[in-house]
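The values are calculated or read from the model by the stated rules, or taken from the named source; none is laboratory data. Please read these numbers as outputs of a predicted model, since none were measured by experiment. Every residue, glycine as well, gets a Cβ built from its backbone with ideal geometry; the counts of neighbours run over all protein chains shown. Side chains included, ligands, DNA and RNA excluded: accessible areas come from the protein's heavy atoms. Shrake-Rupley method; radii C 1.70, N 1.55, O 1.52, S 1.80 Å.
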Amino acid sequence: MIDLVNPAATFNAAEFVNGARTAIEDIASRAKVPIVEGGTMLYVDALCDGFSLTGIPPNPELRADLEAIGVEALRERLLAIDPDPGIDLKNPVRMIRAVEILEATGPPLRALRTRTSPPWTALRIGLTASLEVIDRRLEERSRRQVERGLVEETQAALDAGVPDTAAVLTGIGYAEALAHIRGELTQEELPIAMAQSNRRYARRQLRWWRRDQRVRWFEIEPDPLPGILTYVRERLE
């Protein structure tokens, strides 16, 4: 699922699940074991637990109107329709999609979510470490991303016609690179801001996944791979 979506396009959890299931079925049909890697919590739950979002198609005109009104007005509009939508009320992309769904179907948003178990069982493997180790690794990764041309990649996307409001440019790294391009962050401040965003997200990930007793945790230092392979082989036998 690399190079699957145009950067200027939207992509939701339902589309992710459909694409991921197709990829998993293809890999399994070749007698291989699919490995799903990633950390977007809702998307992983949607795939592994059969979480299916309603299939309301995008409404470009409505989205354009919602993008123009600002985060506060967007939040008020959403809560006027559904006082308890169950989404991140600081995330404009999530709020726009929620309004889009709710205006097409009516509230409540929570009732539009259903669970359909997939035809397979996932082994859930998590990597963990002390917060000091995690923070150090995130700082190193942020610095390397900038050194490898993150700003140039972001500028190339803008030059190719990807709007600065596109969902892809709200992700960690791209959002800070965009702020640098706008003159809001210096070159020196850029990796620091990225590391701060990454730290906040990493802590949300840990809180989310630690509630799931099915996850088998491995320390990232020293090399966790031998233990992971042993665990997987035992479970597959």
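Quick notes on this structure:
- Residue within the stretch 63-81 that is among the β-branched types (Val, Ile, Thr), under 26 Å from Leu158 (Cβ atoms), in a helix (DSSP H, G or I) and modelled with pLDDT under 95 present: yes
- The set of residues from the stretch 4-63 being touching a residue at least 24 places away in the same chain (Cβ under 8 Å), surrounded by fewer than 13 Cβ atoms within 10 Å (Cβ to Cβ) and β-branched (Val, Ile, Thr) comprises just one member, Val33.
- Any hit, the stretch 100-111, residues being part of a loop (DSSP other than H, G, I, E, B), closer than 28 Å to Leu229 by Cβ, open to solvent by 60 Å² or more (accessible area, probe 1.4 Å) and of a type outside the set (Val, Ile, Thr): no
- Subset of the stretch 166-223 [modelled with pLDDT of 95 or more, small (Gly, Ala, Ser) and open to solvent by less than 60 Å² (accessible area, probe 1.4 Å)]: Gly173, Ala175, Ala177, Ala179, Ala193, Ala195, Ser197
- Yes/no for Val71 being within 21 Å of the chain's Cα centre (by Cα), exposed (fewer than 13 other Cβ atoms within 10 Å of the Cβ) and either under 20 Å from Arg203 (Cα atoms) or hydrophobic (A, V, I, L, M, F, W, C) (or both): yes
- Some residue of the stretch 148-162 being out of contact with any Lys or Arg (no Cβ under 8 Å at 6 or more places or on another chain), open to solvent by 50 Å² or more (accessible area, probe 1.4 Å), part of a helix (DSSP H, G or I) and more than 27 Å from Ala64 (Cβ to Cβ): yes
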